[in-house]
1. Can you list residues whose amide H is under 5 Å from Gly75's amide H, if they're 5+ apart or on another chain and H is modeled 1.01 Å from N?
2. Counting other Cβ atoms within 10 Å, keep those with at most 16, restrict to DSSP loop, and tell me which trypsin sites (Lys or Arg not before Pro) in the stretch 92-148 are left.
3. What translational D, rounded to a whole number of µm²/s, comes out for the stretch 103-147 from Stokes-Einstein when the hydrodynamic radius is the Kirkwood one over Cα pairs, at 37 °C and 0.692 mPa s?
4. If you rank His185, His180, His212, His111 by how much accessible surface each has, with a 1.4 Å probe, what is the order from largest down?
5. Can you compute the equivalent ellipsoid semi-axes for the stretch 27-79, i.e. the square root of 5 times each eigenvalue of the Cα gyration tensor, sorted largest first and rounded to whole Å?
6. What does the charge dipole of the stretch 27-82 about its Cα centre add up to, to the nearest 20 debye, if the Cβ of each Lys and Arg holds +1 and the Cβ of each Asp and Glu holds -1?
7. Would you mind computing the Rg to Rh ratio of the stretch 71-136 from its alpha-carbon coordinates, Kirkwood style for Rh?
8. Stick to Cα atoms and the Kirkwood definition of Rh, then tell me Rg/Rh for the stretch 74-194.
Amino acid sequence: MGSHDFFPHPKQIIGNDQTPQTYITPLEQKAKLMQDLGVDTLIVVNFDSAFANLSPSDFIEDHPCGFKCKHAVAGFDFRYGYNGEGNMETLKIEAKRFFEVTEMKKFDIDHEKVSSTKLRNLIAKGRFADIPSYLGSYFESQGTIDSEDNQHVIVTLSEAFLRPPPGVYLIEINTEGNVHEGIAHQIMDGSFQGSWHLHFNDSLHLKGKKIHIKWKSECIKKSKQMKDRRAKTIVKVQAF
């Protein structure tokens, strides 16, 4: 079983958007997920201007046929070729002589299409508890521990992932097979601007390590005071 992916994001080529692109699932993590699903071969196509200017027929000849595809599966709104001139109907017609095509129908929840745009909006609003219904799992991001003091650590998130909005959230990390629930909040003042503060019940000794953070829900109820000595800020968060 194989899979086909494009990198970098087409918006950076077609839209000439030079802003560093952030992802729900960066390529490295996507490759790991596909491996876990049993994908044997992942082909990553460099999405450059030459690729963007391929005609629909040249795309089919150079890529599905070039990779000796036997059966292609794509979403109902998949488009290919210059200016997206190719679609699922033209793919079924042009591919008849070479390979079979299966079209995935629209998947919606409450009459709204499940899409990357929908997921990006949920992340931008910090609505992490809603994400598993659309993504099938919680949103995760990667960070590097900058400092550690007992159960309190400060982490810098990877720029490759979409950024949660400032707030207070219930999180989960997995270290050496052990799951640890905690609280994450962001301080926007002082020398720690942009960093995230994580609080756990246990001392984890993670300084300098990279961790994956699972963002589970926003903390709304105020039932416990937690004092961040470094930023001299009192944050009320939900106990866990």
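The values are calculated or read from the model by the stated rules, or taken from the named source; none is laboratory data. Keep in mind that this is a model prediction, so the values were computed, not measured. As a convention, Cβ positions derive from the backbone with ideal geometry for all residues, glycine included, and neighbour counts pool all protein chains shown. Please note that ligands, DNA and RNA were not included when accessible areas were found on the heavy atoms of the full protein model with its side chains. Shrake-Rupley method; radii C 1.70, N 1.55, O 1.52, S 1.80 Å.
1. Met104
2. Qualifying residues, ordered by number: Lys96, Arg97, Lys105, Lys106, Lys125, Arg127.
3. Estimated via Stokes-Einstein, D reaches 273 µm²/s.
4. His111, His212, His180, His185
5. Equivalent-ellipsoid dimensions as semi-axes: 22, 14, 12 Å.
6. Its charge dipole is roughly 140 debye.
7. Taking Rg over the Kirkwood Rh, I get 1.11.
8. Looking at the stretch 74-194, the ratio lands at 1.13.
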